[in-house]
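Following: one structure in structure tokens, then a few remarks.
The values are calculated or read from the model by the stated rules, or taken from the named source; none is laboratory data. None of these values were measured; they are calculated from a predicted model. Cβ atoms come from the backbone with ideal geometry, glycine included; neighbour counts cover every protein chain shown.
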Ligand SMILES: Cc1cc2nc3c(=O)[nH]c(=O)nc-3n(C[C@H](O)[C@H](O)[C@H](O)COP(=O)(O)O)c2cc1C
């Protein structure tokens, strides 16, 4: 196999693409992020990479909470919009016509239209360079009834979740096997 060297870059594909809500009341804002990942199971911890220049950066630090909303294909237009326009220049909640849903553990509003919402408490900030890493403990999770199967588990095709690969938005693709299907122990 012949390899073509590309030098150091963040080619960890595919990335999730999420809408993070932050800020309170009339100052509530939404930012699109692809630098987001699960980092620890117990306590459940998520990391998001946010440039200090983003309007959302200050709001997350100020409130100490944020919500990671997982969009479906239905919201892809607004995913792009919230990643292009700043909350300094526009009320993105109003532009997207998203509904504010109250969380159970945080004051920051959840995006009602997104099928899954992770309520997070900011526990640590790490300065990495271009981006700051915000570490959040997931303190509650909300899921739309419509994306659940009869056992209460996530029915992936119903959620039509998005990924971000090489500048493009895609839905999550075909199922190739379930955990353990290889029979290896
Ligand atoms: C697909 C996509 C992914 C993005 N990922 C990030 C990211 O991980 N971190 C970041 O700081 N900005 C990211 N951005 C850029 C911000 O979303 C964008 O600058 C936004 O307008 C900032 O909004 P704010 O100023 O209201 O916070 C991304 C944009 C897009 C379109």
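Within the range 37-71, if we keep just the residues that are buried (at least 22 other Cβ atoms within 10 Å of the Cβ), closer than 25 Å to residue 168 by Cβ and within 9 Å of the ligand (Cβ to nearest atom), the residue that is nearest to the chain's Cα centre (by Cα) turns out to be 48.
This table checks each residue for (1) over 23 Å from residue 112 (Cβ atoms); (2) touching a strand residue (DSSP E or B) at 6+ places or on another chain (Cβ under 6 Å).
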| position | (1), (2) |
| --- | --- |
| 5 | yes, no |
| 8 | yes, no |
| 18 | no, yes |
| 28 | no, no |
| 34 | no, yes |
| 47 | yes, yes |
| 56 | no, yes |
| 61 | yes, no |
| 70 | no, yes |
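Any residue in the range 101-111 that is away from the ligand (no atom under 13 Å from the Cβ), without any contact (Cβ under 8 Å) to a residue 60 or more places away in the chain and more than 23 Å from residue 39 (Cα to Cα)? Looking for residues that are away from the ligand (no atom under 13 Å from the Cβ), without any contact (Cβ under 8 Å) to a residue 60 or more places away in the chain and more than 23 Å from residue 39 (Cα to Cα), one finds at least one in the range 101-111, hence yes.
Just one of (1) near the ligand (Cβ under 10 Å from one of its atoms); (2) within 17 Å of the chain's Cα centre (by Cα) fails for residue 90. It is (2).
Rundown of residues vs (1) at pLDDT 95 or above; (2) more than 14 Å from the chain's Cα centre (by Cα), yes/no style:
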{"site": "125", "(1), (2)": "yes, yes"}
{"site": "128", "(1), (2)": "yes, yes"}
{"site": "132", "(1), (2)": "yes, yes"}
{"site": "138", "(1), (2)": "yes, no"}
{"site": "144", "(1), (2)": "yes, yes"}
{"site": "148", "(1), (2)": "yes, yes"}
{"site": "164", "(1), (2)": "yes, no"}
{"site": "173", "(1), (2)": "no, yes"}
{"site": "176", "(1), (2)": "yes, yes"}
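For the range 148-165, what are the residues that are surrounded by 14 or more Cβ atoms within 10 Å (Cβ to Cβ), more than 28 Å from residue 11 (Cβ to Cβ) and touching a helix residue (DSSP H, G or I) at 6+ places or on another chain (Cβ under 7 Å)? Once the filter is applied, which keeps residues that are surrounded by 14 or more Cβ atoms within 10 Å (Cβ to Cβ), more than 28 Å from residue 11 (Cβ to Cβ) and touching a helix residue (DSSP H, G or I) at 6+ places or on another chain (Cβ under 7 Å), the range 148-165 yields only 158. Among residues of the range 11-40 that are at positive phi, those with a beta-carbon under 7 Å from a residue that is assigned to a strand (DSSP E or B) at least six positions away or on a different chain give the pairs 23/29.
Would you call residue 120 crowded, with 23+ Cβ neighbours inside 10 Å, touching a strand residue (DSSP E or B) at 6+ places or on another chain (Cβ under 6 Å) and not in a loop (DSSP other than H, G, I, E, B)? When the stated conditions are applied, residue 120 passes them. Within the range 11-33, the set of residues being surrounded by 10 or more Cβ atoms within 10 Å (Cβ to Cβ), within 13 Å of the ligand (Cβ to nearest atom) and not in a strand (DSSP E or B) comprises 14, 17, 23, 27, 28. For the range 166-185, the candidate set comprises residues that are within 16 Å of the ligand (Cβ to nearest atom) and without any contact (Cβ under 8 Å) to a residue 24 or more places away in the chain; within that set, the residue that is surrounded by the fewest Cβ atoms within 10 Å (Cβ to Cβ) is 167.
Of all residues in the range 62-92, those that are within 23 Å of residue 49 (Cβ to Cβ) and assigned to a helix (DSSP H, G or I) total 10.
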